[in-house]
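Below is one structure, written out as structure tokens; comments come after it.
The values are calculated or read from the model by the stated rules, or taken from the named source; none is laboratory data. What you see is a predicted model; the values in this text were computed from it and never measured. Neighbour counts are summed over all protein chains in view; Cβ atoms, including those assigned to glycine, are modelled from backbone coordinates with ideal geometry. Note: accessible area is taken over every heavy atom of the protein model, side chains too, but ligands, DNA and RNA are not part of it. Shrake-Rupley method; radii C 1.70, N 1.55, O 1.52, S 1.80 Å.
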Amino acid sequence: MDSKKPYFAAIVSQITFAGMSLFSKAAFASGMNTYIFLFYRQTVGTLFLLPPTIYFKRKEMACLSVGDLWKIFMQAILGFTLGLNAYGLGVKYTSATLGAAAFNCVPVTTFFFALISRMEKVNIRKASGMAKIGGIMLCIAGVAVLAFYKGPYFKPLFNFHLFQIHQSHVSSQKTWILGCFLLLVSSLSWGLWFVLQAWVLKTCPSPLVLTFGQTFSSAIQSFVVAIAVERNPSQWKLAWNIRLFAVLYCGIFAMCVANYLSSWVIKKKGPVFQAVSTPFNLIFTLIGSEFLLNDGVSLGSIIGGMLLVLSLYSVLWGKKKEMNCHDTENYNTDSVPLEKEMLDHI
């Protein structure tokens, strides 16, 4: 039974992340401001993380230097405030399905930035190196297909949906391209964030402290952005509706529970195991869209999503082949902590 727990935890984490895309889309479709949504989400996550951080890591928190606090604050801007705002707007302008597809880009963009920063090496004369480069090219192709080709639109299979969404397939081409661009920005932001986080963790004492610090910093940053963009008091009100549910779900389950499960799976089975489960996010989102949202899918979205999944597996296959062959000449062992943090998702 214990041997099956990592499989179960990996699937549950991906279901949770799929729910984040679905409920975020529903909240935005109801008229909720994306910047206000992010502020409430980060605030809920901060309050949920505060008790365990104080109870288990209060000594490590007291030992943080001014430099550590500054690094955490800047990391929060890149990984949370910028990345999540771009992701929220991208989902608003496109669909929950494309938001889930964007997650498949993150390991690829992380590898790309690790390659630029020389934390990774590639030998294009070997199959592993060609697989990595091919994965990057497939990722670019997938993003291009999602942005510029829609093709035939497949209507939802069911007539009744819990939340009625009518904008994803009728949005203008300009809005759709902007949404795809924002999703790409979020993937690039998270990729760079993971690379820099490997550097920050060398001085910060605990991943839990780092997660809490970034979540708290992002809540402050998100409030500044939200209050600058939206000052209408009515937009800040929460009632017993989908907006409140989406905020609580994303703040507690996506921010805290799913991240913990991802970290636990990585500890038990390694980062590659967790990364391989990422495409399940897209599958569960597609299924959830049929039951929860009036949100069909276009042929371009299907083709683009498949290319992104193939790009992920291409990079992972190249990485796994290097690790299995113990190619010490072309494999930088300093990138192992990077892999661990790369998949310890948002």
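For the reader, a short list of remarks on this structure follows.
- Considering A147, A101, A96, A86, the condition of being modelled with pLDDT under 80 and among the small types (G, A, S) is satisfied by A147 alone.
- Enumerated helices (runs of 4 or more DSSP H) restricted to the stretch 183-255, each holding at least 2 residues that are within 19 Å of A96 (Cβ to Cβ): 242-248
- With respect to the stated conditions, E120 is in contact with a helix residue (DSSP H, G or I) (Cβ under 8 Å, 6 or more places away or on another chain), surrounded by 15 or more Cβ atoms within 10 Å (Cβ to Cβ), in contact (Cβ under 8 Å) with a residue 40 or more places away in the chain and part of a loop (DSSP other than H, G, I, E, B).
- Helices (runs of 4 or more DSSP H) lying entirely in the stretch 3-78 (those with 2 or more residues that are polar (S, T, N, Q) and either open to solvent by 30 Å² or more (accessible area, probe 1.4 Å) or on the phi < 0 side of the Ramachandran plot (or both)): 5-29, 34-62
- Close pairs from the stretch 39-52: first under 11 Å from G213 (Cα atoms), partner open to solvent by 60 Å² or more (accessible area, probe 1.4 Å), Cβ under 6 Å, at least 6 apart: T46/F216
- Applying the set (1) at pLDDT 70 or above; (2) open to solvent by 30 Å² or more (accessible area, probe 1.4 Å); (3) of a type outside the set (D, E, K, R) to S187 leaves exactly one unmet item: (2).
- In the stretch 251-263, residue modelled with the lowest pLDDT [restricted to those that are among the hydrophobic types (A, V, I, L, M, F, W, C) and over 24 Å from V108 (Cβ atoms)]: C256
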